[in-house]
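Derivation of every value follows stated rules applied to the coordinates shown; laboratory data play no part. Fair warning: this is a prediction, and the values are worked out from it, not measured in the lab. Glycine gets a Cβ as well: all are built from the backbone with ideal geometry, and neighbour counts include every protein chain shown.
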Amino acid sequence: MEDLLEKLLEAVELGKVDKKSPYPPQLKDQDGAYELAGKALEQGCKPDEILEKALIPAMANVGNRYSRREIYVPQMLMSAKAMSAAMIHLKPFFQSGETKRKGKFIVGTVSGDLHDIGKNLVAMMIEGGGWEVINLGVDVDSDKFLKAIDENPGAVIGLSALLTTTMENMKKIVTDIKEKHSDSKILIGGAPVTMEYCKKIGADFYSPDPQGAVNYLKKFAS
Ligand code: B1M
């Protein structure tokens with residue numbers, strides 16, 4: 001099992017999406033992230049374990065290699081595709097929450113930011129926790145959030161940012177939302193975000209991971 005998870009970690013890190021994918025050349029005709037994640041589940045590996053022992057460490061390695069300039073954006077993108085291919089198998093497990101919905105959760109990656117893997121993971125876990133999730137995607141500005149809030153009154157709102165530059169955009173979005181809907185609850189997260197920053201910009205809660213977000217939402221469940 002450990003061997004399979006190691007192979008999956010390598011496939012995501014090197015951006016091997018699936019068996020038929022020609023990239024990277026050294027893994028030609030070998031299983032990719034899609035097949036390996038499926039096999040890991042078939043062999044009894046838990047979805048959480050696959051995420052924590054293979055997928056998340058792979059993306060951390062990718063980030064470190066990018067920082068060291070060993071790889072560039074195209075390779076980072078291939079790794080993101082490989083991670084998404086593996087997630088196709090895991091998604092149903094994270095989404096299998098109760099059918100009765102506990103409330104609505106609007107989530108988006110803030111303006112200027114195209115990173116969506118972490119945000120989608122949070123969305124899946126929250127959906128699995130029994131919430132209806134309205135996923136606005138990436139590069140979401142105040143207007144899009146406000147429109148979604150108007151259409152879904154009482155929804156809890158989640159903002160994600162992965163860049164230190166776009167994290168600054170959270171401030172405007174939080175201010176704009178609070179100005180129109182002072183009673184709305186806003187949860188923020190993403191690698192550069194901290195609790196200190198959350199307090200500074202007037203958001204209601206910060207969670208470093210999806211589980212913390214799920215736990216925070218429990219307070220508002222109907
Ligand atoms: Co980008 N990128 N990227 N990137 N990228 C980072 C974030 C970076 C840290 C890499 C590095 O330098 N080491 C760096 C940011 C530096 C900084 O600002 N401090 C960076 C950069 C610089 C860039 C570009 C500017 C590169 C360029 O073009 N020169 C560019 C920006 C594009 C843009 O957004 N405008 C860029 C582009 C990309 C790709 C498109 C190639 C791709 C994204 C593809 C996609 O998402 N569909 C990409 C990737 C893959 C990464 C890394 C390698 C991996 C991100 C990821 O998916 N992690 C990343 C390095 C890293 O994170 N180590 C990097 C896995 C994911 C599960 O974790 O997203 O952190 P994460 O989510 C976690 C938590 O943060 C939390 O829960 C999740 C699960 O644990 N969380 C929340 C997230 N949102 C939450 C919301 C919540 C609660 C918790 O409540 C609402």
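Some points to look at:
- Stokes-Einstein D (µm²/s) once Rh is taken as the Kirkwood radius of segment 15-80 over alpha-carbon pairs, at 10 °C in 1.306 mPa s: 125 µm²/s
- Computed lengthening from Lys46 to Asp209, 0.36 nm per intervening residue step minus Cα-Cα distance: 56.9 nm
- The gain in end-to-end length when the Asp3 to Glu196 segment is fully stretched comes to 65.5 nm, 0.36 nm per residue minus the alpha carbon separation.
- Dipole magnitude of the chain about its Cα centre (Cβ charges: Lys, Arg +1; Asp, Glu -1), debye to nearest 20: 340 debye
- Residue pairs, from the table Lys46/Lys119; Lys16/Lys102; Lys171/Lys219; Lys46/Lys102; Lys119/Lys199; Lys16/Lys91, whose Cα atoms sit over 31 Å apart: Lys16/Lys102
- Taking label positions 7 Å along the Cα-Cβ direction at both Thr165 and Met76, the computed distance is 1.1 nm, reported to one decimal.
- Membrane-span-like helices in the chain, defined here as complete DSSP H runs extending at least 20 Å along the helix axis by their C-alpha atoms with mean Kyte-Doolittle hydropathy no lower than 0.5, are 73-95; this is a sequence and geometry rule, not a statement about a membrane.
- Alpha-carbon geometry of the chain: the Rg and the Dmax are 18.2, 55 Å, given in that order.
- Take every Cα pair under 8 Å whose residues are at least 6 apart in sequence, average their separation, divide by the length of segment 1-147, and the relative contact order is 22 percent.
- Each of Leu55, Val214, Gln75 was placed along the dipole of the chain (beta-carbon charges, centred on the mean Cα), and the one lying farthest toward the positive end is Val214.
- Nearby lysines by direct alpha-carbon distance to Lys19 (threshold 16 angstrom, same-chain neighbours under 8 apart not counted): Lys7, Lys28, Lys39, Lys81
- Most mobile listed residue (Asp141, Asp48, Asp18) in the chain, GNM with C-alpha springs under 10 Å: Asp48
- Of the GluC sites (Glu not before Pro) found in segment 1-80, the ones in coil according to DSSP and having at most 13 other Cβ atoms within 10 Å of their Cβ are Glu70.
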